[in-house]
Structure formats: structure tokens, C-alpha cells
Amino acid sequence: MALKKPLWKFCEPNRSYDAVVIGGGLHGMAAAYYLARDFGMTNVAVLDRRRMGYGGSSRNTEVIRANQRAPEILPLYVQSIRLWNELSAEVEWNFMVWMKGLIGLAHNAAGVNSMRMRHATQTNLGIENHILSPEELKKLIPALDTSRSAAIPIAGGYYHPPGGTVHHDAAVWGLMKGLHRHGVHLCPGVDVRSISIKNGRVNGVEAKVGGNKITISAPLIHMALGGWSSEVAAMAGITLPVVTLPLQAMVTECVKPFLNHVVVSELYFCYCQQSIKGDLIMGAHLDPWQSYRSYNTYEFAAEQAYFMLQLFPDLAHLKLMRSWSGLCDMTVDGAPIMGALPIEGLFIDAGWGYFGFKASPACGKNMAELIATGRTPEKITFLGMERFYEGRMVPEVYIARS
Amino acid sequence: MGFQINCPNCGLRDVYEFKFGGEAKERPGPDADIRRWRHYIYFNKNANGLHEEWWYHTAGCQSWIKITRDTATNRVSEGENI
Ligand SMILES: Cc1cc2nc3c(=O)[nH]c(=O)nc-3n(C[C@H](O)[C@H](O)[C@H](O)COP(=O)(O)OP(=O)(O)OC[C@H]3O[C@@H](n4cnc5c(N)ncnc54)[C@H](O)[C@@H]3O)c2cc1C
Ligand SMILES: [Zn+2]
């Protein structure tokens, strides 16, 4: 039976709003969602050049976790896992949150030591994590080759129970549903071309809709543009400490369930998880040069297949079904840029590179608080752009591309 | 598909033979303040379009070259030997 009421609707933007979000990915939509939910700000539009979720938000490999390195950011990840879990009930929509646990593999002593260090930080912050021996790993993942003769020997690892996956399309649709319910405007096909600034304050944007040029006025503008952040920030005369690099991922044919966790090799930058359908989602390869073009290379598929076969020899002969890519906005310290900008009324949430999916709801919640109240929430105080001028880097590390 | 770079010494070669050296930027003078230096080191134009940049031909002539590439299409114009 067809639904009588649509779950969401799209519209052309009005000529004026209390706040405008540029970028209809999960970060932008989450910010708009919490502006409405927590602060009653519903005269808001989310503008996207293409469609909601066109960028990293529906290209990512769905991994969530709360165990990266920097203690400055960990509370944000913890909050995010909580919010992912709350959203399904709140929006009455299944986000398919699956806390199946994340297992990290180390292949040498240095890797094990780095895991121990992060383990101590996490334990301090009350985040569940366990250090495992190769024998314990073998018990959790029977298909893993832990033999000493393996080409990629396994020296140890960790088990992080709060990690897992959230279905990325379900997340995009769920937030669209939530936004529509609050009366926030979802406006795809709106290509923002300039940001207007008067006396040091933003007062709106100019955009192309179809062949037409429109202006939308708003005293508050939030930029959540993933790989395109530099392009749009430049419209406000702002240069970012970001480069845009292309990231590739791929998926195999479906097989019977055999892999219960997300498994990440931290040295070889590859990871794998089996979806509920049975296919294996694998990533990821970051080409170390700037590019706004999405492409896939043989080098990636060959390298990924090689590492996966060393870890899981039984996967030999499994067919690859698809590969795809997306853009990653990378900062030098590996940490994001979140906060107010030197132009009054202008905000940014960027630099999430290949690891921003998991953080989307918490980013939205904290940015919404900043936008609505003008006060920077504690969880994002370390993440402002000024840190690059002040030499206060946040020591995040690019541990695994998940 | 990746793309190819036309090395002035070696000719058209696969991009994976090279190491990316970043955007060609204007270096601040020796007496520039620390803020200018940090801007130079950490901040990027990150253009979606024509881009002047450095590459090192690791698997070839082992020299630095400067090229102009369109980051939207990855089309490369002629390289210049430095
Ligand atoms: C292959 C791959 C795998 C990944 N895997 C993971 C993972 O497992 N776990 C994880 O946590 N993270 C992962 N990530 C990272 C994650 O996808 C991103 O950090 C996250 O999606 C960023 O979300 P966003 O909303 O900020 O940006 P996006 O989702 O990229 O949204 C930006 C939006 O801005 C729009 N836009 C651009 N220019 C304009 C304009 N001028 N006007 C209007 N709109 C504009 C775009 O159309 C786009 O929809 C992965 C990324 C990739 C590419
Ligand atoms: Zn050469």
C-alpha cells in the first residue's frame, strides 16, 4: 500500500531564512535537524548543488567507532554513537545501527605499542576497548590467518565493542524525514555561487537554480561541504588548511555470513566488513594528490585484494561487484575544522576527510548549538581554524581509512 | 582510471610513478612573521580547476617538475623541468 503522506518533500528555496545550510550531506542536514529539534529554529533551508547525500555521505563505507587517537575529539565520537542510537526511535526510521564491534590488527611491535597508548587514553575516557593476542583474535575471527608464516603476520590487536556500522543511505533518508517533519526546507539542485558579506557580516547567498540566478538572504550561514569546502569558503574570501583527495572503496559479491565484526588493518590501511546482505565492503585507498574528479584505479583494486587475501585466504576467487570513490577534505593534523569564522554569522564544519560519517550527528548537534546561541560548545573548542595559525595542532593520526 | 603526467625528461608516464609535492605557492620572505609562514605551510587554495603543482618523478628521472593540471578533469598541460 502506498503511503498517503510523503516522508519528505523537496522545494525551491524561499528568498529569506533565519539560517541557511550549504551542503546537503549528513553534516549539514544534522546541523539543520538539531537547529530545529533543540532550538526551535525551523525557518531554515538546506541547499545542495546536486542532491541530499550526493557527496561522502552516501559513498562512505559506513564504519562507526569511538577509538581514534586524539583525546580532544573522542568525546565527540562517543556522543555521536549515542545519537545514532537515539535517532531511529526519534525519527521513527530504522537507521540500521549495528554495533557489531570493531577489531583492529597490528602487524609489528610498533603497531601494538600504538594500540596500547590509545587503549590507555580510551580507558581514561571510559570508552570500552580490549587489547587482544593473536590467539584471542583467531577466536573472534576464525577466518583470519594468524599463522606465523603469513605474509602479513599478526602481532596483536584490539576489540572495540562500541564500533560497528550504520547504513549510510538510511541515515540520509532518516534525516530528510526528520527535517521534513520539522518543516525545514530541503532544496536540491541549488548551486551556491557566492556568499554576500556586508560590514563584516554575512547576509545571504547567490545561487543558480536550473538556469536562473536567485538570491537568498539569511543572517546565519553554515558551510558543511565535505570535499568541496575550499571552493565554497573561497566565496567568502576564506582560504582553508585543507586539500581535497580522492578515496576509493569496493564491494564483493554476497557470501554466507562469516565475518561478525568490522576488521581493520592499521598498518596496511585496509578494512573489511560484511553487510547484512552478505557482501564484503572494503576500503580504502587515498590517492595522495589533489583531485576533484572521482575515479577508480586498477592499482587500488589490486592492492586491496592482495591485503585482504593475506588476512583472509578463503576469500580467493570471490568476485568484485563494484568500486566507487568520493572526495576527502584533509587537514594536516588529521583533525576537523569546526567553529565560527572571522566573518560574523558564518560557520564551518569541514576537514573530516575519510572519517566523518561516524561523527555526523554529533557534529550537527554541536554546530547547531554554536549557530543558535553563539557560544562554542566544549566538545568542539579545540577544533577552530585558528589553531593552524597558533600552532596548536590536535594530534589526530590517520590510523585506518575508516 | 588514474591519469598520466608528461615528464619533460621521460615523456608521458603513469601518475603512480610520481610523488605529489603539493601546490606551487609563493614563499614568504625571510622576515615574514610566524602567521604568514603558517599560512604558507598549512593553507591551500585547493582549486577545483587549474592548479600549478610540484611532482617528483620517483620511478623515472628523479627530478622535481612543475606542471599545470586541471583538478576537475585531471588533464595535465606540459610539464616544466626545474
Ligand atoms: C569512499 C569513502 C569511504 C568512507 N568511509 C567512511 C567510513 O567508513 N566511516 C566514516 O566515518 N567516514 C567515512 N568516509 C568519510 C565520510 O564520508 C565524510 O567525512 C562525510 O560523509 C562528510 O559528510 P558531509 O556532510 O560533511 O559532506 P558531503 O556528504 O560530501 O556533502 C557535501 C555536499 O555539498 C554539496 N555541495 C558542494 N558544493 C556545493 C555548492 N557550491 N552549493 C551547494 N551544495 C554544494 C555536495 O553536492 C554534497 O552533497 C568515507 C569517505 C569516502 C569517500
Ligand atoms: Zn621523469
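Of the residues making up the stretch A:323-338, those that are within 13 Å of chain B (Cβ to nearest Cβ) and either more than 8 Å from ligand 1 (Cβ to nearest atom) or open to solvent by 10 Å² or more (accessible area, probe 1.4 Å) (or both) are A:Ser323, A:Leu327, A:Met330, A:Thr331, A:Val332, A:Asp333, A:Gly334, A:Ala335, A:Ile337.
Of everything in the stretch A:62-75 that is over 9 Å from the mean Cα position of the chain (by Cα) and open to solvent by 10 Å² or more (accessible area, probe 1.4 Å), the residue that is nearest to ligand 1 (Cβ to nearest atom) is A:Arg69. Given the structure, is A:Glu90 among the acidic types (Asp, Glu), over 22 Å from A:Val264 (Cβ atoms) and either near ligand 1 (Cβ under 9 Å from one of its atoms) or in the same structural domain as A:Glu378 (by TED's automatic domain parsing) (or both)? Answer is yes for this residue. For A:Asn124, the criteria (1) open to solvent by 30 Å² or more (accessible area, probe 1.4 Å); (2) in contact (Cβ under 8 Å) with a residue 24 or more places away in the chain; (3) within 13 Å of A:His160 (Cα to Cα); (4) of a type in the set (S, T, N, Q) hold in every case but one, which is (3).
Being aliphatic (A, V, I, L, M) and part of a strand (DSSP E or B) is the filter here; which residues of the stretch A:315-365 pass it? The answer is A:Leu320, A:Met321, A:Leu327, A:Met330, A:Ile337, A:Met338, A:Ala340, A:Leu346, A:Ile348, A:Ala350. Considered as a group, the residues in the stretch A:282-291 that are over 10 Å from A:Leu245 (Cβ atoms) and in contact with a Leu (Cβ under 8 Å, 6 or more places away or on another chain) include one that is farthest from the other protein chains (Cβ to nearest Cβ), and that residue is A:Gly283.
For B:Tyr56, the stated conditions do not hold, so it cannot be described as more than 8 Å from chain A (Cβ to nearest Cβ) and without any contact (Cβ under 8 Å) to a residue 24 or more places away in the chain. Counting residues in the stretch A:339-360 that are of a type in the set (S, T, N, Q), in the same structural domain as A:Val46 (by TED's automatic domain parsing) and open to solvent by 20 Å² or more (accessible area, probe 1.4 Å) gives zero. Checked against the criterion of being within 14 Å of another protein chain (Cβ to nearest Cβ), open to solvent by 10 Å² or more (accessible area, probe 1.4 Å) and in a loop (DSSP other than H, G, I, E, B), the stretch A:239-248 contains one or more residues that satisfy it. Of the residues A:Glu231, A:Glu303, the single one that is at pLDDT below 95 and within 14 Å of chain B (Cβ to nearest Cβ) is A:Glu303. Out of all the residues in the stretch B:60-82, which are open to solvent by 30 Å² or more (accessible area, probe 1.4 Å), in contact (Cβ under 8 Å) with a residue 24 or more places away in the chain, in a loop (DSSP other than H, G, I, E, B) and within 13 Å of chain A (Cβ to nearest Cβ)? Within the stretch B:60-82, B:Ala72 is the sole residue that qualifies.
For the stretch B:6-36, filtering for residues that are at the interface with chain A (Cβ under 10 Å from one of its Cβ atoms) and either outside any strand (DSSP E or B) or within 13 Å of ligand 2 (Cβ to nearest atom) (or both) leaves 8. Of all residues in the stretch A:161-182, those being small (Gly, Ala, Ser) and assigned to a helix (DSSP H, G or I) number 4.
Being open to solvent by 60 Å² or more (accessible area, probe 1.4 Å), under 23 Å from A:Ile131 (Cα atoms) and more than 16 Å from ligand 2 (Cβ to nearest atom): is that true of A:Val78 here? So A:Val78 fits the description; yes.
The values are calculated or read from the model by the stated rules, or taken from the named source; none is laboratory data. It should be emphasised that the depicted structure is a prediction, and the values quoted were computed from it without experimental measurement. Counting neighbours? That spans all protein chains shown, and the Cβs are built from the backbone with ideal geometry, glycine included. What goes into the accessible areas is simple: the full protein's heavy atoms, side chains included, and nothing from ligands, DNA or RNA. Shrake-Rupley method; radii C 1.70, N 1.55, O 1.52, S 1.80 Å.
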